[in-house]
Amino acid sequence: MRDWDGGKGNRDESLRRLREALSQSKSDLSRSWKIYRRSLLAMLGLFMVISVSLVAIFAEDIAVEHPYRNLQDTEDKWSIDYEPRRADPFSEECDWHEQKITTNPNSPLFSEIVVAESDDKVGDDNRYYRDTLSVIQFIKLEDSLGYDLNLSLLSIDPSNSSLLVLSPELYGNTSLYAGVWVTYEFDNEEMHHWWMPDGYDVCIFGTNDQGHDLFSKVVYGSRVSLKIGITVATLTVIIGTIVGSISGYFGGRVDEVIMRICDIFFAIPGLILAMAFVAAMNQITSLTIPLWLGILFPIFVLAAFSNTYLNSTVPDDDQISEQAMSLIMRYRGVLLALVGFIFFVGWMPGASWPDFFGISESRSWRAFAALGILTFLGAIILADRRFFLNTSFEGGLGRIKDSFDWTNPWRYLTFRTLAVFVSLALLFSFSGSEGEEIVLIKDFDRLWKVQAALIFTGWPGYARLIRGQVLYVKEMTFVEAARSVGARPGRIMFRHILPNAWAPLLVAFTLDIGGTILSASGLSFLGLGADAYTAEWGLMISESRRYFLLSPHLMLYPGLAIAVTVLGFNLLGDGIRDVVDPKNRR
Amino acid sequence: MKLHEFVVRRLLLLIPVMIGVAIFTFAIAHIIPGDPAAIQCGDKCGVIVDFTEDGEPISAYEANRIRLKMDDSVTVQFWRYITDLAEGDWGESLLYHRPVVDVVKDAAPITLEMSFLALFIAYPLGIILGIISAVRQDRMFDHVSRFFAIAFVSLPIFWFAMMLQLFLATGTEHGGICDPIFGTEGGCFPIYGRHDPSYTYPVDGYAWYYPAGGTGFHLVDSWFVTDEKLATLPSEWGSNWLLFKDTLFHLALPCAALGIASAGSLLRYMRASLLEVLHEDYVRTARAKGLSEFRVVIVHACRNALIPIVTILGFSIGGAIGGAVLTETVFAFNGMGRVAVTSIQYLDFVVIMGVTLITSVIFLLSNLIVDITYAIIDPRVRLE
């Protein structure tokens, strides 16, 4: 019979400690905020970042026009053909609209009273619709050959200003071709915003050559840029942290190899590498992994986690596992040869890959699979004894039976089990029903490619940074203490070293968001980034190069938007650096 | 460790990295979609060009495949690629129909000239402003210069370059802020290109008056143009000095666009480095001796503060070559960056491999030189 009151004291104690830690972290935060607040530039940066984020979040409410949004696509494509005409910022031409009127009495479209309508617009439900415009005055009337006609041939209905009345002369005159073009000024009321002064409307930044409202495009561009910046920075931080902490913690040969790989990445200029990588991914339309990998990976994760859990509950002096390990170690050479054989056979044209793994024949897949095998090979060579020690599955069944404690199921609700189940759920929720493959990203469009390329080129910087930090923290006494009580590498890494090494990482992360936005816009500028007419700032500058002298505003505003966003993140990063790294604060 | 041992060790460390880069470029070039054999023959791929011994027809496409030896396994191809590289045969461009070595040889000096000049401007500027900023710490100058340093780092290079073009190279009637200083049209700086187009008068072709087989660095080559070639130019252009000045004027805006970010980051590094040094004991000693503040800062503090700055030089060279991709696109320089962009757009993967390799070689060598310099200046490095 269990004594349920026995745990109460412990719970109270742990609650007390939790409260203490919370109040401690709260006072830490408020102290940091006090330091941060001192710097005017840092506050400016915070303000800029917050305002850009707000603009991105509320883009739909702020923008006047909206992009055509394919819901399966990750990007907002601007394919509204509003009016193919460039307008300068703050110009009155933005209230002008050109409309074609059929004047042939035999045409089915003919009518003596014409409704003034806007061009086709695309609503949120992807359906086309037209707005009714209320006409103020006529600007121009042209026949279909482009000759001016007398404006008095057309008049506005006095009772309803959105109805245009055709005079009989206009359609009675048979010398005219089938239609006329009328340009009129309309009441732009619906496009006025409460926060804009009267008269400044859709044209606050002007329109580009396609008639897209530049202001709305810049506003929506903040979404694309922030998304790229934050996604790429987060993923590079994760990859770089994992690789760098492995490299720094284990040292020796692992460290040597990882650092040489990083050297290779550093040797090639980042932008050129990213360009080549984007080009290399040209034909990939969706990111998929073969089913066997998708099934094996969670199993491996599960095995690794349960293994560490079992190791922590069961005393670790098992003769069988020792023997098995030594067996593997003895035939290590054979194992290596086997893997190497598979690797080289894979490159030979005669042997077909589908026979091995059931994956497609494409060149890129060969490379990816070969990379995977290479990693495996490297892991076996490098990981040495330690690798086998940490993943011995021997005697598992008996231990599982022993370790299941049905009386208290709550003990299984740890972070690790949660992580395993979440990763399983994510993998299967992303998986499509495409035969033998699991779809990770369905539309691997060009923005995704840019992000993949930037992640690919970005992680070595973080790996090096984290490695330095880990090397520094590793020598401290508390790590020694943790190791002496028998904590395993993973625990030491995540519980002891990384929490003490996060400060420069946070700074680098913030600065890197800005850097990524710059690189992504640079790639788009070179034509390797976003698709045409996406609301991406770099692409907008690139598209405006043709109108360089005529309408410099087309490149002015997107460029300012990039500069302000990146500046905001840089100032924020500097401010955080001042807080977390007192050495630089002077 | 002696200095020469250090150098040899660093040189040996370069070898695995270079092999890694070669593997890397090879892998990327083979992942890039597109069949080089099909690209080379274009729309004439089906044309029968030859017959085998058995009388089977060979199309142009198949002939290309045989010529490029594409039916070998990838390992064999890679081995051939490495040995060819070592022999100096970098393959032939699919787009330019020239050996890659020639393409790179034409393009590299342009990029190097621009990057080095940009760094040449950026370094003194960043260092001097950094010193002033550190000495006047927390005063107005410090705040303003720090803000501008961060702002310049945050500017997108291509946009800044286009803004320079707009304001300095278009003349007042187009919205620029200055008019031509001498001879040229537009603003006070030329808008793009390496030379004034009127210089090519009266012979077509681009840089005909530069000595054939010159260095490719036109700032140097302009001094070696012979008199009879100068005589064919209009009299107002006919001097080496004017040729030099023309080249310099054309380089001004690209270098400003390229160097401004380096200057900004240098200012920040220099400021931090000098502030650290200024708190050292020997600076206090120097002050206690009654030396003038100028002497304390410039002679005693700066010498040690400049040591870490040397290491940044290596990275700024890499940054400048990367940034050159954008600057060259804006200013229509046919340097390495432009070649890289064009070859990637047209999937000319032989050139992609060559350009990536050569940029990494330049980067690694300059880093090596920087490291050696560092080891000479600060002998403690060699002891590790």
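Considering chain B at the alpha-carbon level, its Rg and Dmax are found to be 25.8, 97 Å.
Per residue, the accessible area of segment A:479-532 comes to 39 Å² when a 1.4 Å probe rolls over the protein heavy atoms. Checking an interface number: how much accessible area is buried between A and B, summed over both chains, with a 1.4 Å probe, in Å² rounded to 100? Interface between A and B: roughly 4900 Å².
Given segment A:15-59 reduced to its alpha-carbon atoms as identical point scatterers, what log10 I(q)/I(0) does the Debye formula return at q = 0.22, 0.31 Å⁻¹? At q = 0.22, 0.31 Å⁻¹ the computed log10 ratios are -0.75, -0.96.
Among A:Lys34/B:Lys289; A:Lys474/B:Lys289; A:Lys100/A:Lys217; A:Lys26/A:Lys474; B:Lys2/B:Lys105, which pairs are too far apart, with a Cα-Cα distance over 31 Å? Where the Cα-Cα span goes over 31 Å, the pairs concerned are A:Lys34/B:Lys289; A:Lys474/B:Lys289; B:Lys2/B:Lys105.
Taking one quarter of the surface of the convex hull spanned by the alpha-carbon atoms of segment B:1-147 gives a direction-averaged projected area of 16.3 nm².
Loop-resident trypsin sites (Lys or Arg not before Pro) (DSSP state other than H, G, I, E or B) in segment B:69-144 with no more than 13 further Cβ atoms inside 10 Å of their Cβ: B:Lys69, B:Arg136, B:Arg139. Rounding to the nearest 10 and keeping the result within 0 to 90°, find how far the Cα-based axis of helix B:140-154 lies from the longest principal axis of chain B. So the helix axis and the longest Cα principal axis differ by about 10 degrees. Rounded to the nearest 500, the helix-only mean residue ellipticity at 222 nm of chain B stands at -21500 deg cm²/dmol, with each DSSP H run of n ≥ 4 adding -39,500 (n - 2.57). Using the alpha carbons alone, the radius of gyration of segment B:54-117 stands to its Kirkwood radius in an Rg to Rh ratio of 1.16. Heavy-atom accessible area, probed at 1.4 angstrom with all protein chains present, ranks A:Lys474, A:Lys227, A:Lys26, B:Lys44 as A:Lys26, B:Lys44, A:Lys227, A:Lys474, highest first. Site pair A:Glu60 and A:Ala481 shows an inter-label distance of 5.2 nm when each label is modelled 7 Å from Cα along Cα→Cβ.
Relative to the dominant Cα principal axis of chain B, helix B:74-87 is inclined by about 60°. Once C-alpha pairs closer than 8 Å and six or more residues apart are averaged by separation and normalised to the residue number of chain B, the relative contact order reads 24 percent. Our estimate of slack between A:Asp131 and A:Ser107, defined as 0.36 nm per intervening residue step minus the Cα-Cα distance, is 6.3 nm.
On the principal axes of its alpha-carbon atoms, segment B:304-384 has extents of 49, 25, 13 Å, going from largest to smallest.
Each part gets one Cα centre, and for segment A:196-275 versus segment A:463-516 those centres are 24 Å apart.
The values are calculated or read from the model by the stated rules, or taken from the named source; none is laboratory data. It should be emphasised that the depicted structure is a prediction, and the values quoted were computed from it without experimental measurement. Counting neighbours? That spans all protein chains shown, and the Cβs are built from the backbone with ideal geometry, glycine included. Just the protein is used for accessible areas: all its heavy atoms, side chains included, with ligands, DNA and RNA removed. Shrake-Rupley method; radii C 1.70, N 1.55, O 1.52, S 1.80 Å.
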